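Before any comments, here is the structure.
The values are calculated or read from the model by the stated rules, or taken from the named source; none is laboratory data. The structure presented is a predicted model; accordingly, all values stated were derived computationally and were not measured. So basically every Cβ, Gly included, is an ideal-geometry build from the backbone, and we count neighbours across all protein chains shown.
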Amino acid sequence: MKEIGLKIIGKISVVLLILGFLFFSFLLFEGYLIRKDIKLNGKVTVGKCISHRKYKGAKIDYLIYNVDGIRYKGEGGSSIGSSESVGRFYKIRYSEKFKGSIEADFDQEVTDTTEILKAGFTKSDMYAFGNDSIAAREASLKQEIFGILNIKE
């Protein structure tokens, strides 16, 4: 009886190990697809750095940007500086297919007011220092689903 139980536990362990490996492989592949899409099909716009955080030795910057009147928040990678980038505007490339996936170019700071306003930001956005809340013009679930499925309302 014990032998049957051990065989079942062994088989379950092997199946769980294989599933874990497949899940990890899927995450790596998905990240690769997103980065490739941004490089090949990415659109360029202006994003505002709203937050700079350190997590286990890594520096991560979060940016907000506008597409078709909808404000998105994405992780823009790591800047060379520290919290000095918060509140500043930079050129970013974003994926239309994978919403919220961006690559920020922290070497290209945008200081031209008209370019910032054309990107969908308001004058209050320009002078507000690091607003981490995007609830004011955040997309509804319906808008997000329609955007992902590429359906016009």
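Structure values in brief
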read-out: Residue, surrounded by the most Cβ atoms within 10 Å (Cβ to Cβ), within the range 9-50, restricted to residues that are of a type in the set (Gly, Ala, Ser) and under 16 Å from LYS91 (Cα atoms); value: GLY47
read-out: Selected residue (only one of ILE60, ILE64 is closer than 29 Å to ASP105 by Cβ, surrounded by fewer than 16 Cβ atoms within 10 Å (Cβ to Cβ) and β-branched (Val, Ile, Thr)); value: ILE60
read-out: Among (1) charged (D, E, K, R); (2) closer than 20 Å to ASP125 by Cβ; (3) without any contact (Cβ under 8 Å) to a residue 24 or more places away in the chain - the single one ASP61 does not satisfy; value: (3)
read-out: Failed item, numbered, when GLY10 is tested on (1) on the phi < 0 side of the Ramachandran plot; (2) in the same structural domain as PHE121 (by TED's automatic domain parsing); value: (2)
read-out: Of the criteria (1) touching a residue at least 24 places away in the same chain (Cβ under 8 Å); (2) more than 20 Å from TYR127 (Cβ to Cβ), which one ILE50 fails; value: (2)
